[in-house]
Amino acid sequence: MNEFAAVARGVTKRFGRTLALDDVGIEIRAGESHALVGRNGAGKSTLVSVLTGMQAPDAGEVTFFGEPAPPVADSAAWRRHVACVYQKSTVVPELSVAENLFINRQDLGGGLISWKKLRSEASSLLETYDVAVRPDALVSTLTVEQRQLVEIARALSIGSRFVILDEPTAQLDGPAIERLFDRMRSLQDRGVTFLFISHHLQEVYEVCQTVTVYRDARHIVTAAVAEMSKPDLIEAMTGEAGGLNVPSGDGRPSSAEEVLTVASLSGDHFSDISLSATRGEVIGLAGSASSGKHEFAETVYGLRKPSLGTISVNGAAVRGGDVPAALRAGIGCVPRDRHHQGLVLDLSIAENATMSTAGAFVWPSAQRAAGGTAIASYDVKAAGPDQPVSDLSGGNQQKVVMARALAGDPSVLVLINPTAGVDVKSKESLLGVVDAQARRGKAAIVVSDELDDLRVCDRVLVLFHGQVVKEFSRGWRDQELISAIEGMSTE
Amino acid sequence: MTKAMTPPVAATAPSEKQKFRLARYQDLALVPVIILLLVVGAVLSPIFLTPNNLIAVLTQQSELSLLVLGQAMILIVGKMDLSLESTVGLAPALAVALIIPSSAGGLDVGLAAWLALPLCVLIGVAIGGLNGFLILKVGLSGFMVTLGMLTMLRGLQLAITEGKSLIDVPESFLYLGSTTWLGLPAAVWICIVCYAVGIFVLKYLRAGRSLYAIGGNSEAARAAGIRVDRVVWIVLIIGSVLAVIAGILMTGRLGSVAATQGEGMIFQVFAAAVIGGISLNGGKGTLFGALSGVLMLGLVEQILRLQGVSGFYIKASYGAVIILALIVTRFATGQKQE
Ligand SMILES: Nc1ncnc2c1ncn2[C@@H]1O[C@H](COP(=O)(O)OP(=O)(O)OP(=O)(O)O)[C@@H](O)[C@H]1O
Ligand SMILES: [Mg+2]
């Protein structure tokens, strides 16, 4: 048996005139967890699509355990070599877990489908991989975490011993990430190889043994994780010496003037929350995925109707459940999921970035100029403002959502996971934008579990079961906050 | 902001330009095909390129083009309306029936003749509004609702007119259907104006751009502050009103409302829209593209007619011609149709 689970050599891939991969390689030793890191648009997902047979490279070759990869048309053969959990789920939501596990082989080789057999096979498969979901549950009712596990179990059951995880942790909360890592370790003990992509470098140190860094479509370095310090890793990714400097918001002027007042607001999955934000104040909301923090933020922006309570901006009440009213009142929002609510993928960057800004007439030249400004001020890596958003890498799409939220110069920002999928360096600049907005007298609510996002906040509220259970003011210790969030979610 | 982000590829600037140009050309993808058809027509028949013949083509296509305009907007916003073809017949039939006496096939309501046009438009608003209500407020399937309306409205027309043609048509209809302004039939002018307004609105007004956002991702459109339901409703109403205008022009041109007025047009409507690059999945395509789809179908039809293909065969071969046109445009534009 070959010592490499997967090897790619001399891979080049172009999209139009954008060079996504420039003669790169990767060697993934069997049985290791190999991290692939790089800035947004470095070419990571493009390499994944080449390694999984979704796209043929313009040049270069891929081998699995020394065997050349099958032709791109033969997707069944690829599935036996490699499995992938993409950031966007590939399960069929309206089918049961059992059917998804055996999709396109529901007959289990028998010609006719025996639903009983299918269910029992599925439950033994789920048991083998220790996935606690019912085989007849509809996939649409599962949580993100459960869905990922179903995808991993399916992959392993097809016989593949090499699993690619493209930013699996971006949508999981802290405990779910821990559980995923435990599972990765135990599968690794059973001989499964992982390629792991993440923008959270501490996760790389936690589960991976080797790390490969790409920058600007090129391979920069491959090294043992143990030999690579975090600053070295960041330098390899950015090409600049010097560590990161996430803004902390220290020394931001405070004011007594209230901008946002939420009075005993109740709605989907939360009840009776009151808070007020003054000019220049950034409030963090943390809590598990089921804590109601997302629903609360969405209600403030009008995406959901409140059942009770009021929201007011600068003293004027805002009609609940009415996004245009919220925008008029001066609330801007980065919604939870960029694919679902953040972007119209077929439209251009310019059009997406200017979508919320009022004004009856749209002048294409002005729009393009605004798109160009957004590209420049949010570090979007793109060919130009006319490029459709679907062509952008995940992190760059997220920056366009941020640009849209800020386009109307709102006085209140509601930012839900604002840095999801954004690379370390861009995260620094996006959080810098939040800090700068606060310094200009805006108020902001940041809904996130990421400590870096919360560090920019003046105070952090921890939610549990739809209620504020704890409040931290600036100067909290990481461990303190993490255990508050996690302690609550396991109780 | 950091400078390290500058894209690695030096050649990105020209690529931006190229992409932009390409996007522009896609709009004009059918123009070469139309020119080719003009040449083929001219070679096959000496009278093909005469103004009279070309005006005849435009006039014949004017009613279809209004339906396509409405349907294209409805498709872009991510819905479809099959009932447009029945609206073409019912609206003028009902309006006329409310005016003329029962001796002429009417309902003996005896409304004033000048009410004919406003009444028609009102009926269009009501039909589009009802479709919108059922789809958006009750939450029914748009395909099924409008399929049901297609049958119901046609049936209503048959019930009102007892299956007969109404020949006592108001002056205003006849005028619009037959007069010429500056050498072109009024119907053609009306189409030109409607398309010009439509193209302008969908390109330069925020309200028009919102159609693309809704059709592309309605949740994202909502989160961006677009009143999705309201826009879709208005588009459905505009679609019905355009169908009514087509019905008025057809009535005026033919001098009567046949019980089958508009029947079978919906197939051509969808064909022209898809040939013109409108996606059936919403969010994609332009009204200019849709218009070129209409013109292309009109030219093909006229070539067949001038070649002396009998009326019966024109009907029989029409499906084949449309499929052929779809194939031609698929390769002319290099785009997969959806
Ligand atoms: N279908 C496409 N058409 C045009 N350009 C594309 C396409 N897919 C990717 N690109 C470009 O290729 C480059 C690499 O993209 P890729 O998605 O591989 O980045 P990534 O490293 O995964 O980034 P992220 O961390 O943001 O997910 C980007 O500049 C992107 O804009
Ligand atoms: Mg990616």
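The values are calculated or read from the model by the stated rules, or taken from the named source; none is laboratory data. Source: prediction; values computed, not measured. Cβ placement follows ideal geometry from the backbone for every residue including glycine, while neighbour counts extend to all protein chains displayed.
Quick notes on this structure:
- Selected residue (criterion: farthest from the other protein chains (Cβ to nearest Cβ)) from residues of the range A:165-196 that are hydrophobic (A, V, I, L, M, F, W, C) and within 16 Å of ligand 1 (Cβ to nearest atom): A:LEU165
- Any hit, the range A:67-84, residues being within 16 Å of ligand 1 (Cβ to nearest atom), assigned by TED's automatic domain parsing to the domain that holds A:TYR214 and out of contact with any Cys (no Cβ under 8 Å at 6 or more places or on another chain): yes
- Residue check, A:ALA35 buried (at least 24 other Cβ atoms within 10 Å of the Cβ), farther than 28 Å from A:SER426 by Cα and more than 8 Å from ligand 1 (Cβ to nearest atom): no
- Residues of the range A:1-19 that turn out to be among the hydrophobic types (A, V, I, L, M, F, W, C), more than 19 Å from A:VAL221 (Cβ to Cβ) and in contact with a strand residue (DSSP E or B) (Cβ under 7 Å, 6 or more places away or on another chain), as a count: 1
- No other residue among A:PRO57, A:PRO70 is buried (at least 17 other Cβ atoms within 10 Å of the Cβ), away from ligand 2 (no atom under 11 Å from the Cβ) and more than 24 Å from A:ARG218 (Cβ to Cβ) apart from A:PRO70.
- Among the candidates B:THR333, B:THR260, the residue that is within 21 Å of B:LEU67 (Cβ to Cβ) and either at pLDDT below 85 or of a type in the set (S, T, N, Q) (or both) is uniquely B:THR260.
- The range A:367-390 residues that are more than 16 Å from A:GLY408 (Cβ to Cβ), paired with ones that are aromatic (Phe, Trp, Tyr) (beta carbon under 8 Å, 6 or more apart): A:GLY384/B:PHE20; A:ASP386/B:PHE20
- Condition broken by A:THR12, with the remaining ones in (1) within 15 Å of ligand 1 (Cβ to nearest atom); (2) surrounded by fewer than 18 Cβ atoms within 10 Å (Cβ to Cβ); (3) modelled with pLDDT under 95 satisfied: (3)
- Qualifying positions in the range A:326-346 - in a loop (DSSP other than H, G, I, E, B) and out of contact with any helix residue (DSSP H, G or I) (no Cβ under 6 Å at 6 or more places or on another chain): A:GLY330, A:ASP337
- Test result for A:VAL414, away from ligand 1 (no atom under 15 Å from the Cβ) and out of contact with any helix residue (DSSP H, G or I) (no Cβ under 6 Å at 6 or more places or on another chain): no
- Residue in the range A:24-49 that is farthest from ligand 2 (Cβ to nearest atom), counting only those that are farther than 19 Å from A:ALA223 by Cα and more than 12 Å from chain B (Cβ to nearest Cβ): A:SER49
- Taking the range A:426-474 as the range and being over 22 Å from the mean Cα position of the chain (by Cα) and crowded, with 23+ Cβ neighbours inside 10 Å as the test, the residues that pass are A:ALA438, A:LYS442, A:ALA443.
- Scope the range A:50-59; condition closer than 10 Å to A:ILE164 by Cβ and either within 14 Å of chain B (Cβ to nearest Cβ) or within 12 Å of ligand 1 (Cβ to nearest atom) (or both); matching residues: A:LEU51
For every residue, the table says whether it meets (1) within 19 Å of the chain's Cα centre (by Cα); (2) over 29 Å from A:THR12 (Cα atoms); (3) in a helix (DSSP H, G or I).
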position	(1), (2), (3)
A:ASP136	no, yes, no
A:LEU149	yes, yes, yes
A:ARG154	no, yes, yes
A:ALA170	yes, no, yes
A:ALA176	yes, yes, yes
A:ARG179	yes, yes, yes
A:SER186	no, yes, yes
A:GLU206	yes, yes, yes
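- In the range A:393-406, the residues that are more than 10 Å from chain B (Cβ to nearest Cβ) and either part of a loop (DSSP other than H, G, I, E, B) or more than 7 Å from ligand 1 (Cβ to nearest atom) (or both): A:SER393, A:GLN397, A:GLN398, A:LYS399, A:VAL400, A:MET402, A:ALA403, A:LEU406
To keep it simple, each residue is scored yes or no on (1) within 14 Å of another protein chain (Cβ to nearest Cβ); (2) outside any helix (DSSP H, G or I); (3) farther than 23 Å from B:GLY78 by Cβ; (4) free of Cβ contacts under 8 Å to residues at least 24 places away in the same chain.
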site	(1), (2), (3), (4)
B:GLY128	no, no, no, no
B:LEU150	no, no, no, no
B:GLY177	no, no, yes, no
B:ILE192	no, no, yes, yes
B:LEU202	yes, no, no, no
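- Selection within the range A:221-243 - in contact (Cβ under 8 Å) with a residue 60 or more places away in the chain and over 21 Å from A:VAL380 (Cα atoms): A:THR222, A:VAL225, A:LEU233
- Only one entry in A:ARG304, A:ARG338 is within 14 Å of chain B (Cβ to nearest Cβ), crowded, with 16+ Cβ neighbours inside 10 Å, under 19 Å from the mean Cα position of the chain (by Cα) and not hydroxyl-bearing (Ser, Thr, Tyr), namely A:ARG338.
- B:VAL244 within 30 Å of A:ARG338 (Cα to Cα), modelled with pLDDT of 95 or more, touching a helix residue (DSSP H, G or I) at 6+ places or on another chain (Cβ under 8 Å) and surrounded by 20 or more Cβ atoms within 10 Å (Cβ to Cβ): no
- Some residue of the range B:252-272 being over 27 Å from B:SER178 (Cα atoms) and surrounded by 23 or more Cβ atoms within 10 Å (Cβ to Cβ): yes
- Cβ-Cβ distances below 8 Å connect the following pairs, each with a first residue in the range B:100-114 that is on the phi > 0 side of the Ramachandran plot, a second residue that is loosely packed, with under 12 Cβ neighbours inside 10 Å, and a separation of six or more residues or different chains: B:GLY105/B:GLU162; B:ASP108/B:SER102.
- Selected residue (only one of A:VAL424, A:VAL446, A:VAL468 is in contact with a His (Cβ under 7 Å, 6 or more places away or on another chain) and not assigned by TED's automatic domain parsing to the domain that holds A:VAL213): A:VAL424
- Members of the range A:197-218 that are within 16 Å of ligand 1 (Cβ to nearest atom), under 20 Å from A:GLY25 (Cβ atoms) and surrounded by 21 or more Cβ atoms within 10 Å (Cβ to Cβ): A:ILE197, A:VAL204, A:VAL211, A:THR212, A:VAL213, A:TYR214, A:ALA217
This table checks each residue for (1) under 20 Å from B:LEU147 (Cβ atoms); (2) aromatic (Phe, Trp, Tyr).
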position	(1), (2)
B:ALA258	no, no
B:ILE266	yes, no
B:VAL269	yes, no
B:ILE278	yes, no
B:ALA290	no, no
B:LEU306	no, no
B:TYR313	no, yes
B:LEU324	no, no
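- Candidates A:SER365, A:SER390, A:SER426, A:SER356 - the one that is assigned to a helix (DSSP H, G or I), facing another protein chain (nearest Cβ under 9 Å) and among the hydroxyl-bearing types (Ser, Thr, Tyr): A:SER426
- Flag for A:SER393 being small (Gly, Ala, Ser) and closer than 15 Å to B:ALA224 by Cα: no
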